[in-house]
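The values are calculated or read from the model by the stated rules, or taken from the named source; none is laboratory data. Predicted model, so just to flag it, every value in this text is computed and none were measured. So basically every Cβ, Gly included, is an ideal-geometry build from the backbone, and we count neighbours across all protein chains shown.
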């Protein structure tokens, strides 16, 4: 619509029409509704593009920041006062790189084997024997005058706190209920497993990533391999997942301490055993139970059937299994193992197990898990340690012998009573 505006002499016209002549009128046309809508749409688009650009820029900055944080977390340790980055390979190397020493404060502890425990339990009816430190001889305990205080003292020599059951000569069960599972059909060759069949199996996770398996040997203790901590030394970043045959899930247990055997070894194959102490004892149930330690005097013969379990690779260049796997293997004597594959690297503190034709073996991700023997109760006789390939014929897996480290286990647990 047009509006008529009178213009006086000497006045300037509007809308850039030049100078108006006296007595004439100038018509000024406002923008049409269509033009207004078009202008509004263009303004909205400009604002939208600007907002989108800002959002994308912020998202890129957040993504870059996250990637930088992930990179730094995987390669560096943060010293707090003053702020300093220390390469992870320099963390827990027994040399302080942080001014306040934080890089050496929460590390696995190296514990040498202590003197022989003053008590032990034989496989023959679990008869208690005690050591005469003057002569080095072991003696059975007469039941006469034996009482609960003496039983408690004997159990504590082996790192236990619980009550014991006694007989005419003292028969000792310090860890009552270990090695018991709900039996399920087991199929040879890497088949899925229920956790109730292997309730002592746990996943050791570093920054929420599965690194190794482990075995519950007590409500507060997990047995695993030392090499699991070589590249993952910061104790507070470790968690333990128990009570499930699945790797996924968020319920985990915090770790208080990690103990490694002996001094820092020259080879990762030596002293490949570790004990993990939980911050709080786990709840014992059908899906979370301790496994028995082996007897000091029970030596298995070659060909003995054994079981391995874990979430490791099911093929050499594969990926972790989401569901716990189980397989049966046979014990192989040390000499045959060395001649066939390892040229003297297998020592008396190690065990070999596998099948001559291969095809069944532990692999990446199974490290630290148990090698199991079914006697009167299930026992953890070995710890998954090292080997060549996965399931290769004539190259069995190599395991740390738990029986060879019983006294070290007792030493560590006594120190934490």
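Look at (1) closer than 30 Å to residue 290 by Cα; (2) in contact with a strand residue (DSSP E or B) (Cβ under 9 Å, 6 or more places away or on another chain); (3) assigned to a loop (DSSP other than H, G, I, E, B) and you find that residue 353 fails only one, number (3).
Restricting to segment 272-308, count the residues that are surrounded by 22 or more Cβ atoms within 10 Å (Cβ to Cβ) and more than 13 Å from residue 381 (Cα to Cα). Total satisfying the criteria: 6. Scanning segment 235-249 for residues that are touching a strand residue (DSSP E or B) at 6+ places or on another chain (Cβ under 9 Å) and either assigned to a loop (DSSP other than H, G, I, E, B) or surrounded by fewer than 16 Cβ atoms within 10 Å (Cβ to Cβ) (or both) returns 236, 237, 243, 244, 245, 246, 247, 249.
Could you tell me whether segment 368-385 includes any residue that is over 24 Å from the mean Cα position of the chain (by Cα) and crowded, with 24+ Cβ neighbours inside 10 Å?
Checking segment 368-385: not a single residue is over 24 Å from the mean Cα position of the chain (by Cα) and crowded, with 24+ Cβ neighbours inside 10 Å.
Return the only residue of 328, 322, 335, 345 being touching a helix residue (DSSP H, G or I) at 6+ places or on another chain (Cβ under 8 Å) and at pLDDT below 95.
One residue alone meets the criteria, 345.
Residues that are within 19 Å of residue 404 (Cβ to Cβ), surrounded by 22 or more Cβ atoms within 10 Å (Cβ to Cβ) and without any contact (Cβ under 8 Å) to a residue 60 or more places away in the chain: does segment 310-333 have at least one? Within segment 310-333, one or more residues are within 19 Å of residue 404 (Cβ to Cβ), surrounded by 22 or more Cβ atoms within 10 Å (Cβ to Cβ) and without any contact (Cβ under 8 Å) to a residue 60 or more places away in the chain. Given the criteria touching a strand residue (DSSP E or B) at 6+ places or on another chain (Cβ under 8 Å), modelled with pLDDT under 85 and part of a helix (DSSP H, G or I), does residue 67 qualify? No: the conditions fail for residue 67.
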